[in-house]
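Undergrad: There's a structure below that I have some questions on.
Every number in this text was worked out from the coordinates using simple rules, so none of it is lab data. Given the structure is predicted, the values throughout are model-derived calculations rather than measurements. In this analysis, Cβ positions are derived from the backbone assuming ideal geometry, glycine residues included, and neighbour counts consider all displayed protein chains.
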Amino acid sequence: MRKNLLFFIIFIIILLLVVLYFFYFNKNEIKKVEQTEDDTKEEIYNSNVIDGVNYQSKDSNGNEYIIDAEKGEIDISDSNIIFLTKVKALIKMSNSEIITISSDYGKYNINNFDTIFSKNVIIKYLDNNITGNYADFSLGRNSMIVSKNVVYTNLENILKADSVEVNIETKDTKIFMYEQNKKVNIKSLD
C-alpha cells in the first residue's frame with residue numbers, strides 16, 4: 001500500500017508539472033502569434049504611408065503646382081487620393097504671382113491636382129493673406145474656395161466672413177456670409 005501511495009504521489013507531481021509546462025508553453029505561444037498578427041497588420045497599414053511627400057505638376061496652360069507634406073497616406077478605396085499631414089503648396093500661375101498655401105491636413109487628387117486643405121489654412125498672395133479652416137483648390141475649375149472662420153487681410157483692411165471664393169485665372173473674388181441676416185465684417189487699417 002505504501003508503494004501505491006508513493007507511486008500515486010509521484011504520478012500527481014509529474015502530472016502537475018506537465019500541465020504547468022504545457023499551460024505556460026501554450027500561453028507564450030499565443031502571445032507570439034498575437035504579436036506576429038499585430039506586426040503583420042502594422043506592416044500592411046504602413047505600406048500605404050509615405051514620409052516626405054512631394055508632387056510637382058504642370059498643366060497645359062503652364063501653371064505649376066508643387067505640394068509638399070510631412071506624411072501622406074494613400075486612400076485604400078481610391079489610389080488616386082492621398083491624405084496629407086503638414087501640407088505646404090506652391091502655385092505658380094503662368095499669368096500672375098506665386099500663391100502659397102499651408103495647412104495641417106490635406107486631400108490631394110493625383111489625376112486633376114485638386115486639393116482640399118483643412119485646419120489652420122493660411123494662404124498668401126502678394127500682400128494678401130487669407131486664413132480659415134477649410135480651402136478647396138481646383139485648377140480644373142479655376143477656383144479656390146476658403147470657408148469656416150475666414151479672415152482676409154491686406155495692407156488696407158481686415159475682413160471676416162464665412163466664405164471667400166476666388167477665380168484663380170481672373171482674380172475675381174466673392175466674399176459672403178451664409179446667412180442673409182449676417183454681414184461681412186470689414187475693418188479699415190488706415
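Undergrad: If a paramagnetic tag sat 7 Å from the Cα of residue 148 along the Cα-Cβ line, which residues of region 169-187 would have the backbone N under 18 Å from that point?
TA: Within reach of a label on residue 148, which here means backbone N under 18 Å from a point 7 Å along Cα→Cβ, region 169-187 contributes 176-179.
Undergrad: Would you mind computing, in nm to one decimal, how far apart the modelled labels at residue 187 and residue 131 are, each placed 7 Å from Cα along Cα→Cβ?
TA: Each label point is offset 7 Å from its Cα along the Cβ direction, giving 1.2 nm.
Undergrad: Quick one: check the C-alpha center-to-center distance for region 55-71 versus region 168-188, whole angstrom.
TA: 28 Å
Undergrad: Could you list 103, 60 so that the one with the fewest beta carbons within 10 Å of its beta carbon is first and the one with the most is last?
TA: Sorted ascending by nearby Cβ count, the order is 60, 103.
Undergrad: Quick one: what are the phi-derived ³J(HN,Hα) couplings along region 74-89, Karplus 6.51/-1.76/1.60 with θ = phi - 60°, whole Hz, x for glycine and proline?
TA: Couplings: 6, 5, 5, 7, 8, 5, 7, 9, 10, 8, 10, 10, 6, 9, 9, 10 Hz.
Undergrad: Quick query: amide H of residue 105 versus all other amide H atoms, modeled in the peptide plane; which residues come in under 5 Å with a sequence gap of 5 or more or a different chain?
TA: HN-HN under 5 Å from residue 105: 86, 87, 118.
Undergrad: Let me ask you something else. Does region 51-188 come out rounded, prolate or oblate by the C-alpha gyration tensor, with a ≥ b ≥ c the root eigenvalues, rounded set by a/c under 1.5 and, if not, prolate when a/b is larger than b/c and oblate if not?
TA: prolate
Undergrad: Neighbouring Cβ atoms within 10 Å as the yardstick, rank 113, 176 fewest first. Walk me through the intermediate numbers first.
TA: Working: 113 20, 176 15.
Fewest-to-most Cβ neighbours within 10 Å comes out as 176, 113.
Undergrad: Relative contact order (percent) for region 51-188, with alpha-carbon contacts under 8 angstrom and 6 or more residues of separation?
TA: Details: 353 pairs, mean separation 17.4, N = 138.
Once divided by the residue count of region 51-188, the mean separation gives 13 percent.
Undergrad: Continuing with this model, one more query. Just to check I understand the Karplus step: with θ = phi - 60° and J = 6.51 cos²θ - 1.76 cosθ + 1.60, what whole-Hz values come out for region 160-165, glycine and proline as x?
TA: Along region 160-165, the couplings run 10, 8, 7, 8, 10, 10 Hz.
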